Amino acid sequence: MNKDKMILRTRFIERAGHWLMVLCFFAVALSGLSWFFPSFNGLNAVFGTPQLARILHPFFGVVVFLLLVFLFIRFVKYNLPEREDLVWFKNMRQVLSGAHDKPLQIGKYNAGQKLLFWGIMGLISLLLISGVLIWRPYFAPLFSIPTIRLGLVVHAVAGIALILLVIGHAYLAFWIKGSIRGMVTGYVTRSWAKNHHDRWYRQLLSKSSKPGNKP
């Protein structure tokens, strides 16, 4: 890969955190589904045995939360709402059709990605809070039965919602050619950046034009 023709989009520490979170989330999601849907009972084998799954599921859930907090700190400044996001919403049909002939004023992340970012962060927070309420034998005895029941409902609904969001995120990543490579290697082509994140690309060019900077 000729990095002179590529643009660094995601640093190694961010990619490492992302993929470690994916692996942990995969294990947590499968074990969680095994309890939510009886026909998926065999999925708890992801941790070896059903007994180990019961023990390790919440601990891995905490790891997922901490990794997402790390990614939140790294990416939140790029995911704040901006006036230019309205352009993306007004041209959503064009975006979904894959047309790139009209500038959409997209920064490092588009409005859809920002919604996904905040949705994931909100759901993982709900999962942590509800997970603590139902976590036996450590915390559940501190709460009343009705509170635990409410926690179970919230945990299940938030878990399913988060899984659906992650599936949507993965689908879009594969659908937009070059996105997966960007998260694996950290680099994207200049044409990819220009087509999908035109405002971010211009900002990079502006920085690189300053003495001592390199695109």
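The values are calculated or read from the model by the stated rules, or taken from the named source; none is laboratory data. In this text, all values refer to a predicted model and were calculated from it rather than measured experimentally. FYI the Cβ positions are ideal-geometry reconstructions off the backbone, even for glycines, and counts take in every protein chain you see. Each accessible area value is taken on the protein alone, full model and side chains, heavy atoms only, with ligands, DNA and RNA left out. Shrake-Rupley method; radii C 1.70, N 1.55, O 1.52, S 1.80 Å.
Before moving on, here are some points about what is shown:
- The set of residues from the stretch 46-61 being closer than 16 Å to Leu23 by Cβ and aliphatic (A, V, I, L, M) comprises Val46, Ala53, Leu56.
- Whenever a residue of the stretch 19-45 is in contact (Cβ under 8 Å) with a residue 60 or more places away in the chain, its partners that are part of a helix (DSSP H, G or I) and open to solvent by 80 Å² or more (accessible area, probe 1.4 Å), lying with C-beta atoms within less than 8 angstrom and at least six residues away or across chains, give the pairs Leu33/Phe40.
- Qualifying residue in the stretch 46-62 (condition: open to solvent by 40 Å² or more (accessible area, probe 1.4 Å) and touching a strand residue (DSSP E or B) at 6+ places or on another chain (Cβ under 7 Å)): no
- Of the residues screened, Leu126 is one that is closer than 24 Å to Val69 by Cβ and assigned to a helix (DSSP H, G or I).
- Residue in the stretch 182-199 that is closer than 20 Å to Trp19 by Cα, of a type in the set (Ser, Thr, Tyr), modelled with pLDDT under 95 and surrounded by fewer than 16 Cβ atoms within 10 Å (Cβ to Cβ) present: no
- The C-beta contact set for the stretch 154-179 (first residue at negative phi, second residue open to solvent by 30 Å² or more (accessible area, probe 1.4 Å) and not in a helix (DSSP H, G or I), distance under 8 angstrom, 6+ apart or interchain) comprises His155/Ile134.
- Restricting Phe75, Phe89 to residues that are buried (at least 17 other Cβ atoms within 10 Å of the Cβ) and either more than 21 Å from the chain's Cα centre (by Cα) or closer than 17 Å to His197 by Cβ (or both) narrows the list to Phe75.
- Remark: pairs (first residue in the stretch 113-128, open to solvent by 30 Å² or more (accessible area, probe 1.4 Å); second residue at pLDDT below 95; Cβ separation under 7 Å; 6+ apart in sequence or on different chains) = Leu116/His169.
- Selection status of Gly131, at pLDDT 90 or above and surrounded by fewer than 18 Cβ atoms within 10 Å (Cβ to Cβ): no
- Matching entry among Lys102, Lys108 (being in contact (Cβ under 8 Å) with a residue 12 or more places away in the chain and either part of a loop (DSSP other than H, G, I, E, B) or touching a Pro at 6+ places or on another chain (Cβ under 8 Å) (or both)): Lys108
- Yes/no for Leu80 being over 20 Å from Ala173 (Cα atoms), open to solvent by 60 Å² or more (accessible area, probe 1.4 Å) and outside any helix (DSSP H, G or I): yes
- Count of the stretch 165-181 residues, restricted to those that are part of a helix (DSSP H, G or I) and surrounded by 12 or more Cβ atoms within 10 Å (Cβ to Cβ), is 10.
- Test: residue in the stretch 154-162 that is among the β-branched types (Val, Ile, Thr), at pLDDT 90 or above and in contact with a Ser or Thr (Cβ under 8 Å, 6 or more places away or on another chain): yes
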